[in-house]
Amino acid sequence: MKQILITSGFLDLHARAAAFAFAAKGHRTVCWCPGDFPTQQTVSLEFGADGTDGRFSGVDIDVTSINDCKFDAMWYRRFPPPTLPDTMHPGDRQIAMSQCRALSESTLLYLDSIPFWVNDYSRARRAESKPLQLRLAREIGLSIPRTLMSNEPEAIRTFMRREGGKVAYKLFGPANWVSSEDPDKIMVSYTTVVRESDLPADEILRLAPGIFQTFVDKEYELRVTCFGDHLVATRLNSQTRTDTELDWRQNQHLMPMEPWQLPEDIANKCRELMRRLDIVYGAIDFIVTPDGEHVFLEINQQGQFLWIEDRTGVPVLDMACEFLRAGKREFEWREEHEIVRLKDFDAEAAFAEERKLRGEMPE
């Protein structure tokens, strides 16, 4: 029996589905939710002359000895910040938050004896660098859009004029905020087209760095999910809908999509990029132009994948579990076992059970 440790957030579909699939395969999963720390969870690391050990306890987790668990793999999926009471004095809160972060993040590094990580904590942080991603992609021969990452107003305006006055603009990472007009409405930022007339005054533009890129014409887009050397390519027909033309995330559930076969040279470059970034899992996004050129956009080192199975039927949940079970980059998924599918996972029941554990709904 394999033992897998997953770090994730409260009610994370991927973590719950993986725990279900691993149980169906006869393995054990422990889900550690750092967001429960310290209000609903405790962490202890003890050191002495006779050795070291650690333990977790709290809602939905009880690991009395990390050493005894002997985890085979760690899925570093999400790592939400600690949760502290709103009633704390601001000064106390600041100190408590810094200490909670120090212990929870240090615990991750303490767990480096786990033999297989998806992905290693330090390498994952490095792989999230957008400048590094583009530099490495270019070095291995992938096409990339001309890109400026800056908060320098004159450099931004010069770049936009050189690109004909219209560029694609995106943030360095996802962001959302509460609408000032409707407190029940959550606003989300997507990739958009920006012209020089859209730019704010220089003193405001300087405050928030952004990513400005050549606007690339699209025939379709690709999401390449990399489980080590095993790649799953999905064609995203984003240009068939006006609400997905610029950013398919705006309505991915209605966008037509289908399994796809990558050209071998692009597949090999994806594998090489993963090695250069020193990660074993990633989700790579490409634009494919009307001329058939594959233009690399970015790689998300913990990109979601269950939506691909939901829309195309490709058993990526089983692939992810078999990848973690195999515990190596040189992985190739084969249909030589009973496949656990997403449709067999009752997400609503799993989440209801989680809420009951947390006392958020009646029995």
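Numbers at a glance
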{"quantity": "Test item: Cα-centred dipole of segment 63-180, Lys/Arg +1 and Asp/Glu -1 on Cβ, debye", "calculated": "720 debye"}
{"quantity": "Val178 paired with Arg275, simple spin-label distance in nm, labels 7 Å along Cα-to-beta-carbon", "calculated": "5.0 nm"}
{"quantity": "Theoretical FRET efficiency, 1/(1+(r/R0)^6), r = Cβ-Cβ of Gln261 and Leu13, R0 35 Å, to 0.05", "calculated": "0.80"}
{"quantity": "Unsatisfied cross-links (Cα-Cα over 32 Å) in the set Lys170/Lys328; Lys2/Lys185; Lys170/Lys269; Lys25/Lys130; Lys130/Lys343", "calculated": "Lys170/Lys328; Lys2/Lys185; Lys25/Lys130; Lys130/Lys343"}
{"quantity": "Segment 231-290 - Rg and Dmax from Cα coordinates, angstrom", "calculated": "13.2, 37"}
{"quantity": "Full-extension gain in nm, Phe215 to Tyr121, via 0.36 nm per residue minus C-alpha separation", "calculated": "30.5 nm"}
{"quantity": "Electrostatic dipole magnitude of the chain [Cβ: Lys, Arg +1; Asp, Glu -1; Cα centre; debye, to 20]", "calculated": "700 debye"}
{"quantity": "Per residue accessible area in Å² of the chain, where ligands, DNA and RNA are left out and the probe is 1.4 Å", "calculated": "51 Å²"}
{"quantity": "Percentage relative contact order, the chain, counting C-alpha pairs under 8 Å, at least six apart", "calculated": "17 percent"}
{"quantity": "Cα shape, segment 123-177, gyration tensor, a/c 1.5 rule", "calculated": "oblate"}
{"quantity": "Highest average packing first - 136-145, 201-210, Cβ atoms within 10 Å", "calculated": "136-145, 201-210"}
{"quantity": "Cα gyration tensor category, rounded, prolate or oblate, for segment 195-249 with a/c compared to 1.5", "calculated": "oblate"}
{"quantity": "Value of relative contact order over segment 121-279, rounded to a whole percent, pairs C-alpha under 8 Å and six or more apart", "calculated": "25 percent"}
{"quantity": "Relative contact order of segment 36-105, pairs being alpha-carbon contacts under 8 Å that are 6 or more residues apart, as %", "calculated": "28 percent"}
{"quantity": "Segment Gln252-Ala155, length gained on full extension (0.36 nm per residue, minus Cα span)", "calculated": "31.6 nm"}
{"quantity": "Using a Förster distance of 22 Å, the FRET efficiency for Asp62-Met1 (Cβ separation, nearest 0.05)", "calculated": "0.80"}
{"quantity": "Extent along principal axes [Cα atoms of the chain; Å; largest to smallest]", "calculated": "65, 57, 46"}
{"quantity": "Cβ-based charge dipole, segment 169-248, positive-most Cα from Pro174, Phe227, Phe212", "calculated": "Phe227"}
{"quantity": "Expected-Rg normalisation [2.2 N^0.38 Å, Cα atoms] applied to segment 269-332", "calculated": "1.25"}
{"quantity": "Potential lengthening between Val193 and Ser44 on full extension [0.36 nm per residue; Cα-Cα distance subtracted]", "calculated": "48.7 nm"}
{"quantity": "Segment 51-120 - percent of accessible surface contributed by carbon and sulfur, probe 1.4 Å", "calculated": "52 percent"}
{"quantity": "Positive-pole candidate from Ala18, Trp75, Leu134, dipole of the chain, charges at beta carbon", "calculated": "Leu134"}
{"quantity": "Label point distance in nm, Ala347-Asn237, each placed 7 Å from Cα along Cα→Cβ", "calculated": "2.3 nm"}
{"quantity": "Rounded if a/c under 1.5, otherwise prolate or oblate - segment 57-106, Cα gyration tensor axes", "calculated": "prolate"}
{"quantity": "More than 27 angstrom apart: percent of Cα pairs within segment 137-294", "calculated": "34 percent"}
{"quantity": "Helix-only mean residue ellipticity at 222 nm for the chain, each DSSP H run of n ≥ 4 adding -39500 (n - 2.57), per residue, nearest 500", "calculated": "-9000 deg cm²/dmol"}
{"quantity": "Of all accessible heavy-atom area on segment 266-358, the percent that carbon and sulfur account for (1.4 Å)", "calculated": "38 percent"}
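The values are calculated or read from the model by the stated rules, or taken from the named source; none is laboratory data. Just so we're clear, the structure is a prediction, and the values are computed from it rather than from any experiment. Glycine gets a Cβ as well: all are built from the backbone with ideal geometry, and neighbour counts include every protein chain shown. Ligands, DNA and RNA are excluded from the accessible area calculation, which covers all protein heavy atoms including side chains. Shrake-Rupley method; radii C 1.70, N 1.55, O 1.52, S 1.80 Å.
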